Structures are given as structure tokens and as C-alpha cells.
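Following: one structure in C-alpha cells, then a few remarks.
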Amino acid sequence: MAAPSSRKELLSTLKTELPSQLPAYLKSQRWFGGKARELHGTEVVDIVSLPRPGINALVLLLKVQYQGGGEDLYSVPLLYDEAAGASEGSANKDGAARLAVSGHKGSAQIVFSDALKDEHFLAFLLDAIRKGLVFTGEAGELRTTHTHALSLQETGAAGSLHPRAIKAEQSNSSIAYGERLILKFFRRLEEGINPDLEMTSFLTEKAGYQHTPQLLGALEYITGSGRRMTQGILQTFVANQGDAWQYTMKCISRFYHEVADISPDGSPADGSSVPAPRDLALASQREFLESAALLGRRTAELHLALASGPAAEDPDFAPEPFDATFQEGLEQALMDLTGRIFTQLRKSKEELHESLQSKAEEILCGQDKITQRFHTALSAPIQAQRTRIHGDYHLGQVLYTGTDFVIIDFEGEPARPMSQRRLKRSPLQDVAGMLRSFHYAAYGPLLASTGTVNVDEKKKQNLNDWAEVWAKWVGDRYLEEYLKTATGAAFLPPTREEITALLQLYVLEKAVYELGYELNNRPEWVAIPLEGISKMLLAATP
């Protein structure tokens with residue numbers, strides 16, 4: 001190809017010509033999280049060159065500003081080449097937006113493509129991590145590091161590490177190297193060490209926890225003033241049969257086909273006189289109940305590992321007690337969450353399906369009961385320790401290997417600021433997240449829009465009744481094994497009554513949070529958190 005502009009000229013051209021193209025380009029990318037927001041402006045804040053013979057690559061650091069305030073920092077790795085001319089338009093063959101700027105002396109365009117879709121670049125990226133290379137930009141540098149475990153993973157034929165991009169609808173980009181390594185590349189950068197890197201490092205290198213992918217390396221962007229931002233994490237690849245949500249969906253869908261003609265009280269759903277014992281339905285779920293127990297054990301082992309950090313060696317992981325300041329802050333956060341979500345529900349109630357409006361009104365009438373429950377649970381001292389936790393724990397965050405479970409994705413809830421995701425909390429918040437996930441799994445196959453079970457209207461209520469029964473069976477078995485494994489842990493309150501009270505607080509908080517999420521993103525799923533909140537309000541009624 002023709003020689004591109006000098007580096008200085010190229011950087012100047014990128015900064016002047018790209019901003020006008022970036023809004024359309026970003027909104028065409030599935031990893032861009034601001035599609036629903038109006039962009040106010042974009043700015044190229046740094047350009048990091050990744051020189052290698054045969055590869056013209058760079059990483060753009062883009063500041064994205066939104067109408068009404070707020071901004072994000074995105075990392076966009078690109079390959080560039082000289083185009084034949086400037087008349088090819090601004091779209092690729094697949095119709096997606098592309099980026100192009102003026103070439104050297106205006107003789108041609110320099111056209112950019114997504115570097116993470118190029119096998120040669122992906123191989124180069126792994127090689128850079130293995131060698132610990134550093135790439136310098138105008139305002140900072142991209143630094144790679146690796147653990148000793150990486151060299152142990154890279155034995156055998158080079159072909160076994162053939163890179164491939166993993167196609168998934170997510171905010172990050174993932175690359176598998178054969179069946180042995182996986183690189184998670186964060187598109188949106190935040191100041192500070194990402195909890196996923198921090199937690200995985202602690203669990204695998206200090207705590208020796210065996211049921212999460214092993215940390216092998218990392219990429220970090222370091223600003224000129226020394227501020228760190230996690231760009232990527234290299235881990236061991238875990239062979240799996242999908243995540244625990246997919247596994248659970250298969251199991252419960254089979255279960256619903258088995259019990260479609262049996263009511264939970266043991267009588268035939270069609271009213272005939274032939275008995276159908278409830279015990280038969282329970283027996284059919286023995287295998288899955290043992291899977292739930294195993295997941296409970298793995299969860300408790302995770303929390304015990306996270307609570308093992310001595311204060312002197314690693315204060316970021318040293319357990320801390322609940323104190324009055326933390327409890328007051330938590331109560332205020334719960335009050336704010338409830339007020340915000342219930343205001344949203346009031347505005348959206350008339351837009352819900354007719355069958356949900358009465359349930360929504362019932363929940364709205366219970367707002368004072370919910371806030372009172374939060375206040376009561378947090379008004380007395382809590383005798384337990386707070387630790388680092390997963391923070392966004394549900395069935396989709398666990399891989400199922402066919403015989404065991406591996407816990408992944410320790411970023412925490414992406415909507416929360418990094419500082420909040422690194423706070424120490426009660427591990428029971430993770431337990432509550434999994435219990436709510438079981439409740440979702442119970443109802444998921446029955447939803448008309450997305451369900452996997454063809455529901456006869458005559459049997460719909462019967463299967464809804466089974467959903468509550470199944471969720472209780474599975475949740476109880478999970479919790480039983482969790483508490484058995486974590487017995488005596490300092491992060492648990494001393495009595496079962498106190499454990500139950502704190503756990504119920506977090507389950508209710510999660511359901512309220514889910515209600516807001518579904519109102520914003522999946523209105524067809526709103527029925528699930530509405531049902532969960534309703535059941536908890538009824539349980540609280542004397």
C-alpha cells in the first residue's frame with residue numbers, strides 16, 4: 001500500500017476528521033452502551049500506536065459526551081489501510097458504519113476496521129501480553145502484564161491457540177485462543193482497577209479458589225499522571241455446556257412438560273379423580289436439586305475465600321464489620337431506590353399489559369410496607385462482617401461444565417460506579433441475587449413472548465403455581481447447602497433468625513431493582529419482579 005502519513009500527521013488528521021463520524025460509528029457497534037442516549041459530542045483523547053511489521057494498528061481512546069450531562073471513555077482498537085479512493089462511501093459491505101480519513105497529501109483515504117476481528121492482530125495481542133510489552137500514546141500508555149501461569153498454559157502446538165472472536169451481545173469483546181485461553185477486552189474504560197481483574201487476581205493467586213477462571217495476564221491503560229484503567233483480562237478458557245441459566249432452562253422446561261397435568265396439591269389438573277402424588281414431581285427434580293446444592297456449596301466457598309484476606313497484607317480484601325455509618329448509608333440507598341422505582345412504576349402502570357395493572361397497583365399500595373421493612377431490618381446493629389462479593393450474582397454468571405460450576409464475571413453491576421462496585425457488603429447479597437435468579441428461571445419458560453413451553457391457557461395457572469413451588473424447592477436446597485458450608489463464618493449473623501432477616505432485606509432490594517430494570521428494558525418480563533414483590537409483601541403481613 002502507499003505509505004501513510006507520518007505518525008504526527010496521522011494523529012492530527014484523526015483528531016480533526018473522526019469526531020463527526022464517531023456518533024454513527026459508535027451507534028452501529030453492539031458493544032456501545034449509549035445507543036439510547038443522545039450524543040452531545042465526541043473527542044479523541046489519546047491514540048496509542050501498536051507497531052508491528054505487517055500490521056498497522058492503533059487504539060483510540062474516545063470521550064463520549066451525552067445530552068443532559070455525563071460522559072464515558074471508550075477504547076476502540078483499529079487496523080488501518082489506504083483505500084483506493086474516496087468514492088466508496090461510508091459503509092462496509094455489511095452496511096455497518098466505517099471510519100475513514102484523508103490519506104497522505106490527500107492522495108487516498110485511510111480506512112479503519114475493527115482490529116478485534118482480525119486473527120493476526122489477536123495473535124499479536126496475545127504475544128504482547130506474553131512478552132509484557134508497553135505501547136506509548138500521546139497522553140498515556142497501554143501496558144501488558146502476565147502471570148507465571150501463562151507460560152504453563154502455552155505448551156503444545158501453536159495451532160491450539162488459534163484466536164477467534166466470540167460472538168455475543170455484550171458490552172465487552174471476548175476472544176478465545178483455542179480451547180485454552182480467553183481474553184476479555186473492556187470497551188468502556190473507568191478509572192481504577194476493574195473489580196473483575198482485582199477479584200480474579202485475589203481468588204486465583206492469593207486465596208487459591210479453584211472454581212473461577214485462572215488469571216493469566218492483563219492490559220491496562222495508564223494515564224500520564226499514573227491513573228490506571230483496566231483494558232483487558234486474559235484467563236484460562238473453561239470448557240462448558242453453557243451457563244447455569246441455560247442448564248436450568250432445559251431442566252425446568254422438561255419439568256413443566258412432566259407436571260402440566262398435575263397440580264401442586266397432588267390432584268389432576270383436569271379435576272379427574274385419578275391421584276397424582278406431589279412426591280413424584282419432587283422426585284423428578286432430585287438431580288437438579290443436587291445441582292442447586294452444589295451451586296450453593298460453590299457460592300459459600302467463594303465467599304469464604306473472599307473473606308480470607310488478612311488486613312495487614314491486603315486491606316482491599318480484609319473483612320470489616322457492619323457499623324452504624326454503613327447501615328445508615330445502606331438504608332438511605334434503599335429508600336432512594338424504592339422511591340425512584342415506584343415513581344417510575346406509577347408513570348408506566350397504564351402502559352403495562354392489562355393483566356399486570358392490578359398487580360402493579362397492589363405493589364404501589366405496598367410502598368410504605370417495603371420502606372418500613374428496610375428500616376426495621378437496619379435499625380438494630382448487625383453482628384456480621386462485610387467482605388468483597390461478586391456483586392452481580394445470578395445464573396448467567398456461572399458456567400456449567402456438565403459436572404460442576406465455575407463462577408465468572410466479577411465486574412459487579414455495570415450501571416454502578418466503579419467505587420461502589422468495590423465496596424464491601426454482606427455476602428448474603430449474592431445469595432439473594434441467586435435466589436431471585438431461580439425465581440426468574442421458574443417463570444422464564446412460561447412468558448408468552450419468550451417462553452420455551454407452549455402453555456395451554458387452561459393449564460397456565462397450574463404451571464404458574466408450579467413455578468412458585470419449584471422456585472421454593474430449589475431455593476431452599478441451595479440455601480441449605482450454602483449455610484451448611486459457611487457455618488460459623490464471621491460474615492453470617494450469629495442466629496438463623498438474623499440471617500433470615502438480612503437475607504430477606506437483600507432479596508426485596510433485588511426484586512425492587514429488577515422491577516426498574518424490566519420497566520426500562522424488558523416490559524414483557526415485568527410480571528416476574530411484580531410477583532416476587534407481591535409474595536414478599538404477603539409474607540410480611542401478620
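Among residues other than residue 400 whose Cβ falls under 12 Å from its Cβ, what is the net charge (Lys/Arg +1, Asp/Glu -1)?
Residues close to residue 400 contribute a combined charge of 0.
Quick one: net charge of residue 119's neighbours, Cβ under 14 Å, K/R +1, D/E -1?
On the way: positive: 52, 117, 164; negative: 114, 118, 127.
Here the charged neighbours net out to 0.
Placing +1 on the Cβ of each Lys and Arg and -1 on the Cβ of each Asp and Glu in the chain, which of 310, 511, 526 has its Cα farthest towards the positive end of the resulting dipole?
Farthest towards the positive pole: 310.
Which trypsin sites (Lys or Arg not before Pro) in the stretch 354-413 sit in a loop by DSSP (not H, G, I, E or B) and have at most 11 other Cβ atoms within 10 Å of their own Cβ?
none
So for the stretch 314-390, taking the charge dipole from beta-carbon charges (+1 Lys/Arg, -1 Asp/Glu), which of 356, 333, 370 sits furthest toward the positive end?
Ranked along the dipole, the leading option is 356.
Can you tell me the equivalent ellipsoid semi-axes for the stretch 459-500? Use √(5λ) from the Cα gyration tensor, largest first, whole Å.
31, 10, 5
In whole angstrom, how far apart do the alpha carbon centroids of the stretch 317-377 and the stretch 456-479 sit?
Result: 25 Å between the Cα centres.
In deg cm²/dmol and to the nearest 500, what is the mean residue ellipticity at 222 nm of the chain if only DSSP H runs of at least 4 residues count, each as -39500 (n - 2.57), divided by the residue total?
Rounded to the nearest 500, it is -13500 deg cm²/dmol.
Would you mind getting me the FRET efficiency between residue 383 and residue 413? Use the beta-carbon distance for r and R0 = 35 Å, nearest 0.05.
Calculated transfer efficiency: 0.85.
Rounded, prolate or oblate: which fits the stretch 110-248, taking a ≥ b ≥ c as square roots of the Cα gyration tensor eigenvalues, rounded meaning a/c under 1.5, else prolate when a/b beats b/c?
Details: a/c = 1.40, a/b = 1.21, b/c = 1.15.
Taking the square roots of the gyration eigenvalues as a ≥ b ≥ c, the stretch 110-248 is rounded.
Accessible area per residue, 1.4 Å probe, Å², for the chain: what's the number?
46 Å²
So what's the angle, to the nearest 10 degrees on a 0 to 90 scale, between helix 354-365 and the longest Cα principal axis of the chain?
Here the helix axis deviates by roughly 80 degrees.
At a 1.4 Å probe, what is the % contribution of carbon and sulfur to the accessible area of the chain?
Roughly 51 percent of what the probe reaches on the chain is carbon or sulfur.
With angles folded into 0 to 90 degrees, how steeply does helix 527-540 sit against the dominant principal axis of the chain? Use alpha carbons for both and round to 10.
The answer is roughly 40 degrees.
Please give the net charge around residue 295, taking every other residue with its beta carbon less than 11 angstrom from that of residue 295, where Lys and Arg add +1 and Asp and Glu add -1. List each step's numbers first, then the result.
On the way: positive: 297, 298, 477; negative: 290, 301, 404, 481.
So the environment of residue 295 carries a net charge of -1.
Once the chain is represented by equal point scatterers at the alpha-carbon sites, with solvent omitted, what log10 I(q)/I(0) does the Debye formula produce at q = 0.07 Å⁻¹?
For the requested q values the scattering log ratios are -0.48.
Among the listed pairs 35/206; 63/117; 15/167; 167/424; 250/472; 349/535, which are separated by more than 28 Å between their Cα atoms?
Working: 35/206 39 Å; 63/117 23 Å; 15/167 30 Å; 167/424 33 Å; 250/472 18 Å; 349/535 19 Å.
In this structure, 35/206; 15/167; 167/424 lie more than 28 Å apart at Cα.
The values are calculated or read from the model by the stated rules, or taken from the named source; none is laboratory data. All values derive from a computational prediction rather than experimental measurement. Note that each Cβ is placed from the backbone with ideal geometry, even for glycine, and that neighbours are counted across all protein chains shown. SASA here: full protein model, heavy atoms, side chains in, ligands and nucleic acids out. Shrake-Rupley method; radii C 1.70, N 1.55, O 1.52, S 1.80 Å.
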